[in-house]
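Reviewing the structure listed below.
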Amino acid sequence: MKYSDLLNLPILSLDMVFKKLMESITESQELPSITIYNHAGNSFSGHLVKYNPNEGLLILAEIVDAEVSLQYISTAGIQNLNIHQSSKYLWALSDGNLAFFLENNQAPSNLELKALVQEKVSLLSQEAKTPLQITLEQSPEHTALERFQLKAILELMADTIVEICKDPLGMEALSEGVDTIQIGIAKESENIVLEGRKLSIYIPFKNPNKPDTIQNKLQTKIESLL
């Protein structure tokens, strides 16, 4: 990363920064370490655990060995925010528009992506009560951004199929009509088609950080094809 890259960071409200820090948290990444300052000049440091803009509260945790101390802090009086070790959050704070901020450890490796595919194959085959296969769009070597986006589509697709299978009629229609699900990144508009028993799900990313399609919309489209 070049220092000049930082000039492309957008100016965000503190509310939006807190939201994006929370969105960036994954199982493999520790909680963001921050220090906040109120109007009186007092400072509070810890790991960001929760942020609730509706209640105007956030929770900071001080973690020492196995001991945890929690601070419940009103957001109304926050004047400044310091994000420690900010590099790992630049991708989220750029709203996904600056791909060079995406660090390799924020995107799954090719092996991790393959393992995730197999995990979803097992889950969805169990939910649909029929063997299902999942394939990814072909590429000699997916970039970090593509792997990040394919993982997002894979998670979205799996959550949608699980939801469809909660309805016995949906599960029956899926098991009778689909044996392979192919996912990929669309260049412009979404493309969801059923050809034979192959369901293809291609979703675009206007914001590189998030799929354009939400679960309810994807579910409605898939169910209309079954």
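No lab work stands behind these numbers, since they all come straight from the coordinates. This one's a predicted model, so the numbers in the text were calculated from it and none came from an experiment. FYI the Cβ positions are ideal-geometry reconstructions off the backbone, even for glycines, and counts take in every protein chain you see.
Kindly express, to the nearest 10 degrees and within the range 0 to 90, the angle between helix 144-165's C-alpha long axis and the longest C-alpha principal axis of the chain.
Computed tilt is about 60 degrees.
With runs of 4+ DSSP H residues as the only contributors, calculate the mean residue ellipticity of the chain at 222 nm using -39,500 (n - 2.57) per run, divided by the residue total and rounded to the nearest 500.
On the way: 6 runs with 76 residues, N = 226.
The helix-only estimate for the chain comes to -10500 deg cm²/dmol at 222 nm.
Which values, in whole Å and largest first, are the semi-axes of the equivalent ellipsoid of the chain obtained as the square root of 5 times each eigenvalue of the Cα gyration tensor?
On the way: eigenvalues 294, 82, 52 Å².
Equivalent ellipsoid semi-axes, largest first: 38, 20, 16 Å.
Helix 14-23 sits at what angle to the longest principal axis of the chain, using alpha carbons and giving 0 to 90 degrees rounded to 10?
For 14-23 against the chain, the angle is about 40 degrees.
With charges set only on the Cβ (+1 for Lys and Arg, -1 for Asp and Glu), what does the dipole of the range 18-95 come to about its Cα centre, in debye to the nearest 20?
Magnitude of the dipole: close to 280 debye.
Please determine, in degrees from 0 to 90 and to the nearest 10, the orientation of helix 110-128 with respect to the longest principal axis defined by the Cα atoms of the chain, where the helix direction is its Cα long axis.
60
Can you give the Rg to Rh ratio for the range 121-196, taking only C-alpha atoms and Rh from Kirkwood? Don't skip to the end; give the middle numbers.
Details: Rg = 13.2 Å, Rh = 13.4 Å.
Answer for the range 121-196: 0.99.
Per residue of the range 30-39, what does 6.51 cos²θ - 1.76 cosθ + 1.60 with θ = phi - 60° give for ³J(HN,Hα)? Whole Hz please, x for Gly and Pro, Karplus curve as stated.
5, 5, x, 9, 9, 10, 10, 10, 9, 5
Can you tell me, using C-alpha contacts under 8 Å and at least 6 residues apart, the relative contact order of the chain as a whole percent? Please report the intermediate quantities before stating the final value.
On the way: 333 pairs, mean separation 32.5, N = 226.
Once divided by the residue count of the chain, the mean separation gives 14 percent.
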